[in-house]
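Shown next, in structure tokens, is the structure this report addresses.
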There are 4 protein chains.
Amino acid sequence: MIIVLKPGTSDVDVEDVCRRIGDLGLQAHVSRGEQRTIIGAIGDDRFKARLQALEALDCVESMVPILQPFKLASREVRAADTIVEVNGVGIGGSRVVVMAGPCSVESPEQLRTVAEGVKAGGAHILRGGAFKPRSSPYAFQGLEEAGLRLLAEARKATGLPIVTEVLEPDKVGLVAEYADILQIGARNTQNFSLLKEVGQSGRPVLLKRGMATTIKEFLLSAEYILAGGNPNVILCERGIRTFETSTRFTLDLNAVPVIKKLSHLPVVVDPSHGTGHWEYVAPMAKAGLACGADGLIFAAHQKPAEPLSDGAQSLKPEKFVRLMGELRVLAEALRRTL
Amino acid sequence: MIIVLKPGTSDVDVEDVCRRIGDLGLQAHVSRGEQRTIIGAIGDDRFKARLQALEALDCVESMVPILQPFKLASREVRAADTIVEVNGVGIGGSRVVVMAGPCSVESPEQLRTVAEGVKAGGAHILRGGAFKPRSSPYAFQGLEEAGLRLLAEARKATGLPIVTEVLEPDKVGLVAEYADILQIGARNTQNFSLLKEVGQSGRPVLLKRGMATTIKEFLLSAEYILAGGNPNVILCERGIRTFETSTRFTLDLNAVPVIKKLSHLPVVVDPSHGTGHWEYVAPMAKAGLACGADGLIFAAHQKPAEPLSDGAQSLKPEKFVRLMGELRVLAEALRRTL
Amino acid sequence: MIIVLKPGTSDVDVEDVCRRIGDLGLQAHVSRGEQRTIIGAIGDDRFKARLQALEALDCVESMVPILQPFKLASREVRAADTIVEVNGVGIGGSRVVVMAGPCSVESPEQLRTVAEGVKAGGAHILRGGAFKPRSSPYAFQGLEEAGLRLLAEARKATGLPIVTEVLEPDKVGLVAEYADILQIGARNTQNFSLLKEVGQSGRPVLLKRGMATTIKEFLLSAEYILAGGNPNVILCERGIRTFETSTRFTLDLNAVPVIKKLSHLPVVVDPSHGTGHWEYVAPMAKAGLACGADGLIFAAHQKPAEPLSDGAQSLKPEKFVRLMGELRVLAEALRRTL
Amino acid sequence: MIIVLKPGTSDVDVEDVCRRIGDLGLQAHVSRGEQRTIIGAIGDDRFKARLQALEALDCVESMVPILQPFKLASREVRAADTIVEVNGVGIGGSRVVVMAGPCSVESPEQLRTVAEGVKAGGAHILRGGAFKPRSSPYAFQGLEEAGLRLLAEARKATGLPIVTEVLEPDKVGLVAEYADILQIGARNTQNFSLLKEVGQSGRPVLLKRGMATTIKEFLLSAEYILAGGNPNVILCERGIRTFETSTRFTLDLNAVPVIKKLSHLPVVVDPSHGTGHWEYVAPMAKAGLACGADGLIFAAHQKPAEPLSDGAQSLKPEKFVRLMGELRVLAEALRRTL
């Protein structure tokens, strides 16, 4: 951390800042320039949150962090790519992994049809929501445990592992009984109680980026899970909030190479929620693949105009199959498989 | 809801859309213009989420909502301002209510000193965090139940009601035993499980706006609590995320008159978290008062450079007292009291 | 345009709104719902700006546009893709066009070396700035006309057409003497005087999206040029401003399929300025290609650590050559050439 | 400037960076920590743009500016508030200055009526647009020079000084013949050619903040005018672009105290354009006053539902008069006059 002092700071104040840095177990390194004196706080930054309080001193103009605030998630701690294994499917290796399924589990027929459709198209993992976070209290909130049971049946029928969302810390155990991967949704990226709980769960976690979460904060959220003892975290870019309204969110593909540089964790891209319109899903899926994503996650539905949620962004099975064919050719050009 | 059809949509497709609207119990009203045919879906929009699925039809260009998606929170359902009563303090009336205290409860001494300081300055309600949501897993996470007990002691000593944050649905009962107002933080504005739980709690709720939450979504989150049977919701603007980095967040005071137009619920402003710098707290507090806020909430600390969190934005007691004096004069000019 | 009236609007007011709509030469179409009365204004919307003034009426709750505000730029006016021809290079067809060169023209040697390097790598068009818009008045502002002359020499030496930025309406004539394509930079996307002037220039225009310009506004800016009689507009996505700071801007690739849906104009992507870091240029270039861009524009420099501007985002020649090889394979997989 | 090196950077590379810093006339100061080596570049930062190129070196992880990039606009160069004098009206002193008038000059009658109305209400300066920047080429573009003549007549009739916008560098002379204050609009905040030209004009300048301009960039734009020899710059906050759509822009009042801390220049607030809705103008005007603005600028119109532009945000004269009364009481409470 660099502490920048205001012009005209007295030597007494400089010494006071140095003493406070020393009290936190760090070394102070003073550098006097023509226009500003700056003090480096050198050492382990686990106490950074306490250091930050120095900003309250009258003599401090600003504080500039030098190190990334996360550790276990960083390439410095682990240089090699992490590959998360899920029932024989490796996420983070040379194979691009495709997760697909309906936003909401609605009925046995709906789930079976879609599951069979996405399996036929070549998906590796089945997605489907049993607990649904809805902006409006009047919208369909999911089939809950009945939905989880349907997902387990679909796994049995298709052999595809299941990824589904968990919304509350005290439901982690229940969802983990049925799911192969626990999904943390975009509204819970900074639900730290939930992160701690899935950190203890032993199940791989698909962690979605929040709509206003910076990449640094996103990696700090992953750090919560890793610090809880769970190394199997898959990051998912699914769109951030910007001023642009022609897409539902702004899918921020830049996050893929940025995360790949900073972290060893696998990254998947969600073009369905990220754009909010099925017409943009195929081009943005290809773009996600091209910039280095380890996987893609899609909303798919047999009859998108009739579902209880999110029809606008769902692909029909025949469109999904066609897209998978195009993605296979693209993956090969990128020296990956799918 | 208005459904805009693509140019060249056939009569068969128009009829299909009308039939689907009818199936949802709404009336379809077709209007054929030179360049577009539009269909209005008339009636109760509780089924809007299902209507939205029509966007998946090939003939649909876009869908435009006409009504606000919330009801109980709206001025149409209740024209008069709601006044939330908390131990004799009315929030939402002509008196401007001030809540102040430390971001985190750190120790008996710290809390007692700050509580006495803000009481002396004229605060009406004591704030303080026992459970702290932190971006980093390595930061101080709060004293938890021990913190709640200290808050209860401070209430006994000062007579000030307590507002404190609850982070998890299954902690609502515990926190409600100690707190007079349950705070839902900015990272939980769309934690719908938690909203449902505090909707059942019988305690007034201070609901903070999320950093990427639109005002519509914010009022929908309030709707969750109201729909659960709890009419005592206080809304809090505390800054949104924008491209500007000279403040920690962008305190969006425009939200105050917009919410006042749309809703009967009281609104308070948090200039401490909204700006992140104590130097900007006083001017933005005055601005919040001037644009119509019903209350203000401040971070205050005896020794801001030493706390376990958020020192940069905390006011020292003497600055708080001076600010309260200025706010009193301002309130009078605005024909309110403080 | 749909005009939504407030609940309880009197018949007199409804008639007044209808009369005003009629006065603008449009037809009013009233639709009375249970909760709102809405009025459609049907007809040519050239007068929309005047219609918008109805929002000032006390009885009007909101106004909702139905039609896109641009015309000549839209697919409705022209369904087939526009191909802009520049000295034998077609932009917008099956061949992906690559523009590359230094951000600033600095010296004859620098430009010659870079121009030869990018030609050897397979670039089709040479870019380089002679007039530079700089946030700081103390930064290098470009070689101006001397820079234009160097660009013309580089064209002669390499055979590559030239694209360079013009900053002021009264410099359009001068720049058009030297340049094959006039670039309008991101800070001038809504410099309407400049747009009108290049609309008259007879030269193809590379129009960059502003950092806070919506896609609708971007297409309206293109409309200014088209309406001036110049059909040769190339759109360029180069990053928007968001809260994320790990990239300099947020390259918004979603804009590519959105524009392709709405407009017939060719789209190129600028991963150099969009990300601001050379390490992210290659993955985002590939992503741009994969989501349907008609071209890519790169900053390239022999010695990026020494230039007078924008070294951080510039590719060295050997990295450019390697990237071009990868893009060629990718283009083939996408059934395009490069 | 602080240069942060990647872990494992060799001594040779450290020396190379130091040499490059020295070549730019600055002193290098190396500080070796446990996890990073950082190098401070000490001295005058006029060459910062060149320093920035070091980011292109493979061994550089990031670069962190320490000093603000502007000088003449900063409080360090001039501690006392600047007061801009315009025909006897001082902007930046204890008197709050009010500018009001129509967005567009439409006709002699319209301008006369509005000018008399705002004068009667107590406005100090008359605003009105003769050249209008419009997103759509099909919207009314202003009366141009005829509009300037009408403004001059209105000045003669009312005695109020005139502020009006100039859009192009080569129109600065023309507009300066008629106007007392030259306005630079939000779409031209980074039109550096125009900034240089008004820097030479000798007329006070009202510089509006761009919708995606950071406060630092805003002050750099002011620096262009100051560096041109014109000390009379008035800054205007008028709303930034965010994800929130219930207001047209997000009026960022935080900018007022931030600018007051960093700069000696006067600041005015535009609640009309900042919110885009007349209903929000009064509360946000009061808020702007309360957080320390030196002035306010309003759109006013006799018949807002009929103008050629921007009726939605225009105050009717009687509303303006009532607001002025409220602002007067508020100014007194803030120990200012109006």
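The values are calculated or read from the model by the stated rules, or taken from the named source; none is laboratory data. Predicted, not measured: the structure shown is a model, and the values here were computed from it. Backbone-built Cβ (ideal geometry, glycine too); neighbour counts: all protein chains shown. All accessible areas refer to the heavy atoms of the entire protein, side chains included, with ligands and DNA or RNA removed. Shrake-Rupley method; radii C 1.70, N 1.55, O 1.52, S 1.80 Å.
Observations, loosely collected:
- Placing a label point 7 Å from the Cα of D:Asp170 along the Cα-to-Cβ direction, the distances to the matching points in the other copies come to 0.5, 7.4, 7.4 nm, shortest first.
- Estimated FRET transfer efficiency (B:Glu116, A:Thr113; beta-carbon r; R0 51 Å; 0.05): 0.15
- DSSP-defined antiparallel bridges as percent of all bridges, chain C, nearest 5: 40 percent
- Net charge of the neighbourhood of D:Val114, taken over other residues with C-beta under 12 Å away and scored Lys/Arg +1, Asp/Glu -1, is +2.
- Pairing chains D and C buries close to 4300 square angstrom of accessible surface in total, based on protein heavy atoms and a 1.4 angstrom probe.
- Cα centroid separation - the range C:152-201 against the range A:80-142, whole Å: 49 Å
- For the peptide C:139-146, the mean number of other protein chain Cβ atoms found within 10 angstrom of a residue's Cβ is 2.
- Against the criterion of solvent-accessible heavy-atom surface with a 1.4 angstrom probe, A:Arg322, D:Arg248 sort, most first, into A:Arg322, D:Arg248.
- Solvent exposure of chain A amounts to 33 Å² per residue of accessible area, where only protein heavy atoms count and the probe is 1.4 Å.
- Per the rotation superposing chains B and A, the chain B residue found at the smallest beta carbon distance from the axis is B:Ala212, 2, distance in Å.
- Normalising the Debye intensity of the range D:59-209 to I(0), with uniform scatterers on Cα atoms only, and taking log10 at q = 0.14 Å⁻¹ returns -0.74.
- Percent of beta bridges antiparallel (DSSP, the protein assembly as shown, rounded to nearest 5): 40 percent
- Contact order normalised by residue count of the range A:210-302, Cα under 8 Å, 6+ apart, percent: 25 percent
- Calculated label separations, B:Gly25, copies of the chain, 7 Å along the beta-carbon direction, nm: 4.6, 6.2, 7.7
- Among the residues of A:189-200, the average count of other protein chain beta-carbon atoms within 10 Å of the residue beta-carbon is 4.
- Accessible area in the full protein assembly, largest first, 1.4 Å probe, for C:Lys132, A:Lys156, B:Lys303, D:Lys6: A:Lys156, B:Lys303, D:Lys6, C:Lys132
- Distance (nanometres) between label positions extended 7 Å along Cα→Cβ at C:Ala157 and B:Glu15: 7.1 nm
- By accessible area with a 1.4 Å probe, ligands and nucleic acids excluded, highest first: order of C:Arg78, A:Arg203: C:Arg78, A:Arg203
- Label point of C:Gly202 (7 Å along Cα→beta-carbon): distances to the other copies' equivalent points are 3.9, 7.8, 8.5 nm, sorted ascending.
- Estimated FRET transfer efficiency (D:Glu85, A:Ala79; beta-carbon r; R0 56 Å; 0.05): 0.30
- Taking every alpha-carbon pair within the protein assembly as shown, the share separated by more than 49 Å comes to 30 percent.
- Per-selection metrics, the range B:170-237 (Cα): Rg and Dmax in Å: 10.7, 32
- When the pairs A:Lys119/B:Lys196; B:Lys261/D:Lys286; B:Lys196/B:Lys260 are compared against a 28 Å limit on Cα-Cα distance, A:Lys119/B:Lys196 fall above it.
- Distance between the range A:1-66 and the range C:229-303 - C-alpha centres, whole angstrom: 40 Å
- Percentage of interatomic Cα-Cα distances in the range C:97-181 larger than 22 Å: 20 percent
- A viscosity of 1.002 mPa s and a temperature of 20 °C, combined with the Kirkwood radius over C-alpha pairs in the Stokes-Einstein formula, give the range C:227-290 a diffusion coefficient of 171 µm²/s.
- Solution diffusion estimate, µm²/s, Stokes-Einstein, chain A, Kirkwood Rh from C-alpha pairs, 37 °C, viscosity 0.692 mPa s: 153 µm²/s
- Each Lys and Arg contributes +1 and each Asp and Glu -1, all at the Cβ; summed about the Cα centre of the protein assembly as shown, the dipole is approximately 0 debye.
- Taking every residue in D:213-220 and counting other chain Cβ atoms within 10 Å of its Cβ, the average works out to 4.
- Estimated FRET transfer efficiency (C:Gln200, D:Thr245; beta-carbon r; R0 30 Å; 0.05): 0.25
- Each residue of the range B:246-254 was assigned a 3J(HN,Hα) from its phi angle through the Karplus expression (A = 6.51, B = -1.76, C = 1.60, θ = phi - 60°), giving 6, 10, 5, 10, 9, 4, 9, 5, 3 Hz with x at Gly and Pro.
- Computed from Cα atoms, the angle from the helix A:145-158 axis to the main principal axis of chain A rounds to 70 degrees.
- Counting all C-alpha pairs of the range D:106-156, share separated by more than 16 Å (%): 43 percent
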